[in-house]
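Accompanying notes for the structure given below.
All of the numbers you see were taken from the coordinates with simple rules; none came from a lab. None of the values given here were measured: they were computed from a predicted structure. Every residue, glycine as well, gets a Cβ built from its backbone with ideal geometry; the counts of neighbours run over all protein chains shown.
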Amino acid sequence: MKYWRGYLTAAIFAAISWVLMQFGSKFTTIVDMVYPYVIRTLQDMLAEWTGSVDFVLWQMIAMVLLVILVASIVLMIVLKWNPIQWFGWVLTACSVIFMLHTLVYGLNYYAGPITEDIRLEEREYSVEDLTQAATYYRDKANDLAGQVHRDSSGNVEFSDFEVLAEQAADGFESLVYDHSYPVFAGSNLPVKELGWADLYSSMGIDGVTMGLTGEAAVNPQIPDVALPFTMCHEMAHRKCIAIERDANFSAFLACQANDSVEFQYSAYFMAYRYCYNALAGANTTEAAGAAARVANGVSAQLSADLKHYSEFYSSKRSGAATSVANTANDVYLKASGNESGIASYGEVCDLLVWWHYQEVFLPAVTVEESHFDPMDESQVDLSGNVNAKETEPVEEGVG
């Protein structure tokens, strides 16, 4: 029996995690009303604590755990421990970590969609709607591409990582105080630089947020044009916006609400990419023609930035490492309640189309109705009214 104690303990903690997730999936309204607000306070506290050090604390903890794992393997061999018993306790450690993660962050995946918090109406949309949105984001990106700083070779050259990290909070503060979106409240501490950036670049990972430590961290190697967007994406996760499509859309909103032209360009650059990729991938004759027309309107500077963005990932990514990372992330997201898995990143296109329709298209076509004043004779037609009498002007007497 002693050989199976580790497995039994692991099963108990796994069962607790399962019960928590079942509760989250069946009582989404309760979770949405209470959980994010409580956990956001906890994330604030954790972020303040871990923010006292410059390095990413969870990476150091992961290294310590890895050393302990290797040491336990050596001891198992030297001391001739039973490998079945050893593996049971390894599973226990993993189950405890996952249970803690589910308790202090994971239930955010069961909270309501961000569309409800920002009053964004979800609706079916056509290829024409998608084309109009892609065209709008392209035009905005075209304009901003000429406003950002570039080096002598014409490449985008944004501010240093630390400067951008400090500025990222401005967009979220604008959303909270100017637009009255309390869902974006929470820690605005700067994101950290991910250590071992080469490793994360090879796996195609732009950033990681760890709920257990309240740390939002970003890969400093990614192209400058994507840095502000990614910073806001990870900050959104720390604000308990867990679903990837919602975090992406939060990043767009925060970047476009920022006064910095670097953040604005990052917002519309990424929004255009998501919408254009969706249009080009629609696999219909109508969509293919629309995608070609939209692409023809891309400016030389935006085109160069798009090319540089793609070349970075194609040159840095390792096929095997990316496959492993994507598989692990997909499994994690689905296990946490995000049914779309890694596909949810691209689903932000839906929100971008809805936002364009509601915030840009509708206001542009709405005709302001003139105010009707029943006392204004120029607005009232009395012809044909037999009871209507013309009033003659009365001359004042001179006395």
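Within the stretch 89-162, list the trypsin sites (Lys or Arg not before Pro) lying in a DSSP loop whose Cβ has at most 14 other Cβ atoms in a 10 Å radius.
Answer in residue order: Arg119, Arg123.
Principal axis extents of the C-alpha atoms in the chain (largest first, rounded to whole Å): 123, 53, 49.
Within the chain, the longest run free of GluC sites (Glu not before Pro) that sit in a DSSP loop with at most 14 other Cβ atoms within 10 Å is 158-338. Between the amide H of Lys192 and those of Ala216, Ala217, Val218, distances stay under 5 Å, these residues lying 5 or more places away or on another chain, with hydrogens modeled in the peptide plane.
Using R0 = 51 Å, the C-beta based FRET efficiency linking Leu75 and Ser314 works out to 0.70.
Spin-label model, Asp160 to Arg123: label points 7 Å out along the Cα-to-beta-carbon direction sit 4.7 nm apart. Once both labels are positioned 7 Å from their Cα atoms along Cα-to-Cβ, the gap between Thr28 and Asp54 label points is 4.4 nm. Going by neighbour counts of Cβ atoms within 10 Å, the residues Met21, Met231, Met33 line up, fewest first, as Met33, Met21, Met231. Distance between the modelled labels on Val19 and Ala295, one decimal in nanometres: 5.5 nm (7 Å Cα→Cβ projection). Relative to the compact-globule estimate of 2.2 N^0.38 Å, the Cα radius of gyration of the stretch 1-124 comes out at 1.42.
Close Lys pairs in the chain, defined as Cα atoms under 29 Å apart and 8 or more places apart or on different chains, number 13. The magnitude of the dipole of the chain, with charges of +1 and -1 set on the Cβ of Lys/Arg and Asp/Glu and taken from the Cα centre, is near 3400 debye.
Between Thr41 and Leu199, the contour length at 0.36 nm per residue exceeds the Cα-Cα span by 53.7 nm. Hydrophobic long helices, here whole DSSP H runs in the chain with Kyte-Doolittle means of at least 0.0 and Cα atoms spread over 30 Å or more along the helix axis, are found at 5-26, 28-50, 57-78, 83-104. Annotation: the residues Ile73, Ile118, sorted from fewest to most other C-beta atoms within 10 Å of their own C-beta, follow the order Ile73, Ile118.
Sorted ascending by nearby beta carbons within 10 Å, beginning with the fewest, Cys232, Cys349 become Cys349, Cys232. If only the Cβ of Lys and Arg carry +1 and only the Cβ of Asp and Glu carry -1, the dipole of the stretch 221-313 around its Cα centre is close to 160 debye.
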